[in-house]
Amino acid sequence: MAGLLFHRFAAALVMSHSRSCLMTFMTTQSGSGLGCERPCQNRLVEDGALNGGNVSDVRKIGDAVVRKQGRSAHFVHALLRHLADGGWVGSPRAIGVDDDGHETLTFLEGVVPWKPPVPDWALSDAALTALARLVRQLHDLTAGSDLAGSAEVVCHGDLAPGNTVYRSTAAGLAPVAFLDWDLAGPGRRIEDVAHVCWQWLDLGPGVLDVQEAARRIALIADAYELVERSDLIPAILWWQDRCWRGIETAAVDGDPAMQRFGQRQSP
């Protein structure tokens, strides 16, 4: 399987050089998240503010996080309640919403690698294996639920290092929870797995060691126990294309955060 993924991935990289979706932007924004609407990287800085949020103001007050709720807050809060009812500790708990539209969530202690590049400890085989298994837990908890509807599962939709909490274990820092669920929605398992591969492995024409990247893709797929993998590389390319086009469209429509992204990538 690793050999097959290697050849498919190498071919995809060759094709990607002619695709606008894989511009340098795509190889320098690890941890920015795919959602293309709001890159979410949260950690505590001065006065309770959580850094990395380029779109909404996120603040820690006591043991809670207060932020402007997203457009899909009703669905997200129902999802977080569903996960909590299932005993899963891989997501924050939704506490409530005030009259100004700010939501309150539980604060999850830990380390969040919100600043690129992805640290080496987050790329160890043990850390990537734990990451894939955490994603699998999420999907298994939502498969067949009303929230998933006719889809396979509910996908997080924005899995990235900057949206992941790590804590110390005997094997080193390991992922224990995901943040920023605004883009969660019904989808296919492979969509989140592909997004993980892209964001953690910084996939694109800037990859220097294609064989190692292919090995890590296979490692993630194995740890997740992904059965059907023929669409994995196409799904990675789909995410990249969707993200880039989403950023361009939002910038043209006047979204200030996406305009800032575009300015950062201008020569």
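Of note:
- By other beta-carbon atoms within 10 Å, ranking V153, V111 with the fewest at the front produces V111, V153.
- Other residues whose C-beta falls under 9 angstrom from the C-beta of H139 contribute a net charge of -1, scoring Lys and Arg +1 and Asp and Glu -1.
- Annotation: the residues L147, L208, L203, sorted from fewest to most other C-beta atoms within 10 Å of their own C-beta, follow the order L208, L147, L203.
- Going by neighbour counts of Cβ atoms within 10 Å, the residues W200, W238, W244 line up, fewest first, as W238, W244, W200.
- Around the amide H of C155, modelled in the peptide plane, lie the amide H atoms of G185, G187, all under 5 Å away and 5 or more residues distant in sequence or on another chain.
No lab work stands behind these numbers, since they all come straight from the coordinates. This structure is a prediction, so every number in the text was calculated from the model and none was measured. Here Cβ is always computed from backbone atoms with ideal geometry, including for glycine, and neighbour counts include all displayed protein chains.
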